[in-house]
Every structure is written in C-alpha cells, then in structure tokens.
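Visitor: Structure incoming, see below.
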Amino acid sequence: MDYTPHTEEEIREMLRRVGAASLEDLFAHLPKEVLSPPIDLPEPLPEWKVLEELRRLAAQNLPAHKAFLGGGVRSHHVPPVVQALASRGEFLTAYTPYQPEVSQGVLQATFEYQTMIAELTGLEIANASMYDGATALAEGVLLALRETGRMGVLVSQGVHPEYRAVLRAYLEAVGAKLLTLPLEGGKTPLPEVGEEVGAVVVQNPNFLGALEDLGPLAEAAHGAGALFVAVADPLSLGVLKPPGAYGADIAVGDGQVLGLPMGFGGPHFGFLATKKAFVRQLPGRLVSETVDVEGRRGFILTLQAREQYIRRAKAKSNITTNAQLTALMGAMYLAALGPEGLREVALKSVEMAHKLHALLLEVPGVKPFTPKPFFNEFALALPKDPEAVRRALAERGFHGATPVPREYGENLALFAATELHEEEDLLAFREALREVLA
C-alpha cells in the first residue's frame with residue numbers, strides 16, 4: 001500500500017514556504033530528457049504471465065554442479081531454520097536498538113551472537129559484528145595500534161590479498177606503515193618484529209589453505225611488545241584450536257561459511273573478538289546483559305561507537321552500523337548445529353577436500369602447491385591460465401579454479417570441497433578439469 005508521511009495541507013505549506021506552486025516546480029530546472037525520459041516497456045501483464053516470463057528467463061541460466069570455488073567463499077549447507085527465522089519481520093525491520101525497552105528481542109539475539117563468537121574464538125568479548133572479514137581485520141588492527149601506541153603493522157602474505165588491500169587503505173588514512181612478511185614454502189616464517197610494530201597479523205588457514213603454527217608467531221609478537229591478530233576461518237574452529245588458545249589478542253574473520261549462501265560474493269558479516277582489557281578500544285557496538293529496577297533480566301547497548309559524530313577525525317572507528325541480520329543468521333546457524341554439528345561439518349569438509357586434492361593431481365599437468373596439512377581449500381599449479389580454466393569449467397556446468405594473484409606464483413588456482421560434495425561430484429569435476437586441460 002502507499003504510505004506518504006505528509007498530508008496535503010503540510011505539502012501545500014512547505015511549497016508556500018519555498019515559493020513553489022507545485023512539487024513539479026521544484027524540478028523545473030532539470031532538462032526534460034532527464035526529468036521524464038522515454039521508457040520502452042512492454043504492455044502490462046497479468047500476474048501469472050509475469051511469473052511465467054520470469055521462469056522463462058531463469059531457465060536461461062546454465063545448470064551447475066556443486067561449486068568447488070575457494071578463496072574464502074564456499075558452498076555449505078544452510079539449514080532451512082536459518083532462513084525461516086531470519087525472514088521474520090522482527091529482524092528484517094530492526095535497525096540500531098537505541099531504545100532497549102522496545103528492542104529486547106534484537107538485543108538478546110545480538111548478545112547470543114556475541115557469546116557464540118567469543119566461545120568460538122576463545123576470547124573474552126566480541127562486538128555486534130562488522131561489515132565483512134576485510135573491514136573486521138582493518139578495525140582489529142587499528143584497535144591494536146591504538147592500544148600499543150605504535151604505527152607499524154607486520155602482515156603475513158598468507159592473509160587474503162583482498163583483506164590486505166582494504167587494510168592498506170585504512171592504514172594509509174591514519175599514517176601507519178604496512179610491512180608484508182613473505183611466505184616460505186606456503187607458510188608464514190617466524191618474523192623479526194621491530195619496535196615500531198604494533199600488530200602482527202597471520203591468517204589460519206592461510207589464503208593458500210595451509211595450516212599455520214600460530215603459537216610461536218604470537219610469542220614473537222608479544223616478545224616485541226606488539227599485539228597478535230589472528231584472521232580465522234570460523235568453520236575451522238570446529239576442529240582447530242581457537243585463537244585465544246595460542247595467544248591471539250584479537251581474532252577477526254568472515255562469517256559467510258556460517259549459514260550464508262555464496263550469493264555472488266555477498267552479503268557477508270565480519271566478526272571481531274578480543275580480550276576484555278581492550279574493550280574501550282572496541283569498534284562498533286557491544287550488547288550486554290543486565291537487570292532492570294525490578295531485578296528482571298534484560299539487555300542493553302553498553303558501547304556504541306557513534307563518537308565520530310563528535311570527535312570526527314579523532315574517532316577510533318568509522319564503523320557506524322554493522323551487518324546485523326547476516327550476523328544473526330550466523331548465530332542461528334551455530335545454534336542449529338551446536339558444537340558437535342559444527343565439528344562434523346568441518347571434518348567432512350576436510351575429508352572431501354583431501355580426496356579432491358588427490359583426484360585432481362591425477363590430471364596431467366596439474367601439480368601440488370599448498371603444503372599439507374590444509375583445511376578444505378588448497379592451491380594447485382595448472383598448465384594453463386587459471387582464468388581461462390575457470391571460464392571453461394563454467395561452460396561445462398562447474399564452478400571452480402579461483403585464480404590466485406601472481407604474487408604467489410604462476411598459474412595457481414584455489415579449489416575447495418565441503419560437506420555438500422559426494423564422491424561422484426569429485427569424480428565428475430576431475431573429468432571436467434581433465435577435458436579442459438587436454
């Protein structure tokens with residue numbers, strides 16, 4: 001239905017104040033071709049005809065087998081309960097819960113999300129999400145620089161190159177220096193951390209899929225007075241040690257693998273967890289549990305980083321909102337699976353990835369690149385241009401072979417397998433790759 005917030009009388013009064021006779025007069029200065037361009041639309045159709053036309057258009061899409069794409073966005077099963085709950089109007093229409101007395105449902109759901117992320121990462125607190133993994137990393141590093149008072153960042157080349165690009169943009173804006181630590185044999189070597197470094201950043205599993213030994217890296221950071229920032233795959237934490245267990249001060253990552261469809265690259269949500277000692281440096285929002293004057297349990301916004309409206313360039317963060325709905329979908333996913341379910345999904349994904357790795361190495365010209373052990377993504381060296389291989393696979397109904405930037409090597413591509421893959425899927429994909437590379 002139509003909804004207009006102003007009455008006819010109010011509109012006439014506003015027009016009188018600005019000296020216009022009608023709403024159209026407000027736009028009279030615009031050229032006619034801009035104001036009212038000709039639109040070539042077909043004749044209107046009844047609803048059933050529109051649906052029929054949409055089905056016809058949808059049928060033009062190429063049928064696709066299960067995706068084998070890597071690079072941090074993967075195809076996992078999304079339990080129907082996640083989309084059912086996320087589609088409820090209470091979540092769809094909710095914005096920043098400034099008034100706790102009318103926002104208890106959203107506040108409680110957000111509190112549960114924070115609790116799950118804190119438990120998953122092994123750290124004490126988590127905020128109410130970030131936009132995505134890249135911005136979560138940038139905000140986590142800025143937190144570390146504020147806390148240490150230093151302006152240098154040492155980041156492993158194993159951190160996703162897109163994350164590093166976003167981080168670089170953030171650091172340039174504040175005058176910080178970014179130093180990249182090259183991989184050795186596909187993994188991060190033990191670095192020498194200078195006294196100017198306030199944050200050391202390593203990803204596990206890294207961009208190439210390899211598992212890193214983060215304990216010694218965290219010790220090296222702390223030994224030089226820097227904070228250690230771990231970029232984590234949340235699904236991997238179903239089977240791997242959480243960042244807090246090996247000394248990470250800050251854990252960040254992308255939540256796409258927790259109940260979100262691939263969706264052509266988005267939308268995602270980013271998570272950020274840290275130690276309680278750094279809570280005053282936390283960007284975004286923090287929901288906390290409390291009691292009202294009658295002793296009843298309730299939830300409030302304890303921290304909300306809206307300070308940039310007052311402090312401007314001196315504000316600690318430019319994050320004013322977050323990916324709330326998708327973050328709640330992540331919480332719904334974790335609640336639906338539970339710790340054991342998350343572990344089963346992770347183990348099945350690891351199993352299928354290693355089977356896929358072995359099968360693809362049977363294709364002539366394909367060589368291994370990512371060192372073992374890896375989680376459920378890995379890089380292979382191909383005898384042809386990875387982008388051409390990716391397009392050729394797509395023409396055959398397969399999505400796979402994510403091209404790897406040349407900074408890592410020539411003709412490298414990422415592949416992934418998840419709990420959704422069966423043996424026949426892996427075999428079919430192997431034969432498609434064999435055909436493309438022949």
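The values are calculated or read from the model by the stated rules, or taken from the named source; none is laboratory data. Small disclaimer: the values here were computed from a predicted structure and weren't measured. With ideal geometry, Cβ positions are generated from the backbone for all residues, glycine too; neighbour counts draw on all protein chains shown. Just so you know, the surface numbers come from the protein's heavy atoms only, side chains and all, with ligands and any DNA or RNA stripped out. Shrake-Rupley method; radii C 1.70, N 1.55, O 1.52, S 1.80 Å.
Visitor: Go through (1) under 19 Å from residue 65 (Cα atoms); (2) open to solvent by less than 20 Å² (accessible area, probe 1.4 Å); (3) more than 24 Å from the chain's Cα centre (by Cα) for residue 421 and report which single condition fails.
Guide: With (1) under 19 Å from residue 65 (Cα atoms); (2) open to solvent by less than 20 Å² (accessible area, probe 1.4 Å); (3) more than 24 Å from the chain's Cα centre (by Cα) applied to residue 421, the lone miss is (3).
Visitor: Taking the range 188-224, which residues are touching a Ser or Thr at 6+ places or on another chain (Cβ under 9 Å) and open to solvent by 40 Å² or more (accessible area, probe 1.4 Å)?
Guide: The one that is touching a Ser or Thr at 6+ places or on another chain (Cβ under 9 Å) and open to solvent by 40 Å² or more (accessible area, probe 1.4 Å): 213.
Visitor: Under 8 Å between Cβ atoms, which residue pairs at least 6 apart in sequence (or on different chains) link something in the range 394-418 that is under 17 Å from residue 209 (Cβ atoms) and open to solvent by less than 10 Å² (accessible area, probe 1.4 Å) with a partner that is of a type in the set (Asp, Glu) and part of a loop (DSSP other than H, G, I, E, B)?
Guide: Sorted first by the residue in the range 394-418, then by its partner, the list stays empty.
Visitor: Something else about it: Do you know which residues across the range 96-126 are within 13 Å of residue 331 (Cβ to Cβ), polar (S, T, N, Q) and over 19 Å from the mean Cα position of the chain (by Cα)?
Guide: Result: 108, single match.
Visitor: If you go through the range 302-331, how many residues are open to solvent by 30 Å² or more (accessible area, probe 1.4 Å), outside any loop (DSSP other than H, G, I, E, B) and modelled with pLDDT of 70 or more?
Guide: 5
Visitor: Moving to a separate point now. Being open to solvent by less than 20 Å² (accessible area, probe 1.4 Å) and either over 30 Å from residue 438 (Cβ atoms) or modelled with pLDDT of 90 or more (or both): is that true of residue 369 here?
Guide: For residue 369, the condition - open to solvent by less than 20 Å² (accessible area, probe 1.4 Å) and either over 30 Å from residue 438 (Cβ atoms) or modelled with pLDDT of 90 or more (or both) - is not met.
Visitor: Right, next: Which of the residues spanning the range 424-438 are surrounded by fewer than 17 Cβ atoms within 10 Å (Cβ to Cβ) and among the charged types (D, E, K, R)?
Guide: 424, 431, 434, 435, listed by residue number.
Visitor: Considering only residues that are of a type outside the set (A, V, I, L, M), in a helix (DSSP H, G or I) and open to solvent by less than 10 Å² (accessible area, probe 1.4 Å), which ones fall in the range 122-138?
Guide: Residue satisfying the conditions is 133 alone.
To keep it simple, each residue is scored yes or no on (1) surrounded by 10 or more Cβ atoms within 10 Å (Cβ to Cβ); (2) assigned to a helix (DSSP H, G or I).
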{"position": "5", "(1), (2)": "no, no"}
{"position": "10", "(1), (2)": "yes, yes"}
{"position": "22", "(1), (2)": "yes, no"}
{"position": "37", "(1), (2)": "no, no"}
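Visitor: Something else now. Among the residues of the range 31-61, how many are small (Gly, Ala, Ser) and either touching a strand residue (DSSP E or B) at 6+ places or on another chain (Cβ under 8 Å) or over 30 Å from residue 395 (Cα atoms) (or both)?
Guide: 1
Visitor: Taking the condition closer than 24 Å to residue 162 by Cβ and either basic (Lys, Arg) or in contact with a Cys (Cβ under 9 Å, 6 or more places away or on another chain) (or both), does residue 430 pass?
Guide: No.
Visitor: In the range 244-285, what residues are modelled with pLDDT of 90 or more, assigned to a strand (DSSP E or B) and either under 16 Å from residue 330 (Cα atoms) or open to solvent by 10 Å² or more (accessible area, probe 1.4 Å) (or both)?
Guide: 252, 253, 254, 270, 271, 272, 273 - these are the residues of the range 244-285 that are modelled with pLDDT of 90 or more, assigned to a strand (DSSP E or B) and either under 16 Å from residue 330 (Cα atoms) or open to solvent by 10 Å² or more (accessible area, probe 1.4 Å) (or both).
Visitor: Can you run down the residue pairs with Cβ atoms below 8 Å, 6 or more apart or on separate chains, where the first is in the range 273-295 and more than 21 Å from residue 227 (Cα to Cα) and the partner is open to solvent by 50 Å² or more (accessible area, probe 1.4 Å) and of a type in the set (S, T, N, Q)?
Guide: Once the first residue is more than 21 Å from residue 227 (Cα to Cα) and sits in the range 273-295, its partners that are open to solvent by 50 Å² or more (accessible area, probe 1.4 Å) and of a type in the set (S, T, N, Q) give 285/304; 286/302; 286/304; 287/302; 288/302.
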